[in-house]
Structure formats: C-alpha cells, structure tokens
Amino acid sequence: MRKESLKIARAFAAGVAASAARTRTDGQAVYLHGNRIAQREADGSIWVTLAGWGTVTTRDRVNTLCRVLGSGVRFYQRDHVQRVAFPDGADFDTCPRDRWEIAAAGGEIRNTPEA
C-alpha cells in the first residue's frame, strides 16, 4: 500500500477532494491518469474497476480503496491474468474493464461484466 494510495482512499471514504501522484478524487469518484477507477453511486453503493489497465499501480489504488472501505475484496494477477478474490473465498478471473461493486446498498456484492 503506497502513501499516495492511502491518502486518496481516505479522502474518497470521507467524501472529500484530494490528489496525489497521478491520482485524484472529488469525493465521489477516483481517477488514475484520468481513468475512473471507483465511483460512489446515489444509492450509496461503490464500484471499482481496473479501467482496462491491469497494472501494479492500478491494482494498488483499487486494493487500498477496498481495504480502507473494509470490503475485503482484493485484486491480483496470476499467470498474466487479472483476478479478484472475495472474503468468502470466491476467486474469479476478471476482465480489466469489469466493474465490481464492493459496497452494495443492498448488501450483495456483484460484478458488471464489460459490455
């Protein structure tokens, strides 16, 4: 977990604006290099995505956000394939453009596959 990732994740969790190392948040969304990697919806749910970039930096930003929000979801790479793991032990391949809901208004975490 990088210092700048933690700064952004904490600001997003608090709903305030911040920026650090090519990453910024307005409190409602998080952007890395201009790509939206997280969004808080009007119903309170929060989704994250690798935004097409399965890089170490993107995974670090998203994983730090998941930790700060207490979701237990973790993104990683195995054999050049992006994967996502859930606290219940479920583990899936993921397309870097998939959106994963990590804080659901109804309590259920779900995936929105790339269209």
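The values are calculated or read from the model by the stated rules, or taken from the named source; none is laboratory data. Everything quoted here is computed from the prediction, not taken from an experiment. Positions of Cβ are generated from backbone atoms using ideal geometry, with glycine treated the same way; all protein chains shown enter the neighbour counts. With ligands, DNA and RNA removed, areas are computed over all heavy atoms of the protein, side chains included. Shrake-Rupley method; radii C 1.70, N 1.55, O 1.52, S 1.80 Å.
Worth a mention:
- Rolling a 1.4 Å probe over the protein heavy atoms gives the chain an accessible area of 53 Å² per residue.
- The stretch 1-59: relative contact order as a whole-number percent, Cα under 8 Å and 6+ apart: 18 percent
- Computed extension gain for ALA17 through MET1, at 0.36 nm per residue and net of the alpha carbon distance, reaches 3.8 nm.
- Relative contact order, whole percent, for the chain stands at 20, derived from Cα pairs under 8 Å and 6 or more residues apart.
- For the chain, the extents of the C-alpha atoms along the principal axes are 33, 32, 26 Å, listed from largest to smallest.
- R0 of 25 Å, Cβ-Cβ distance HIS33-CYS95: FRET efficiency to nearest 0.05: 0.85
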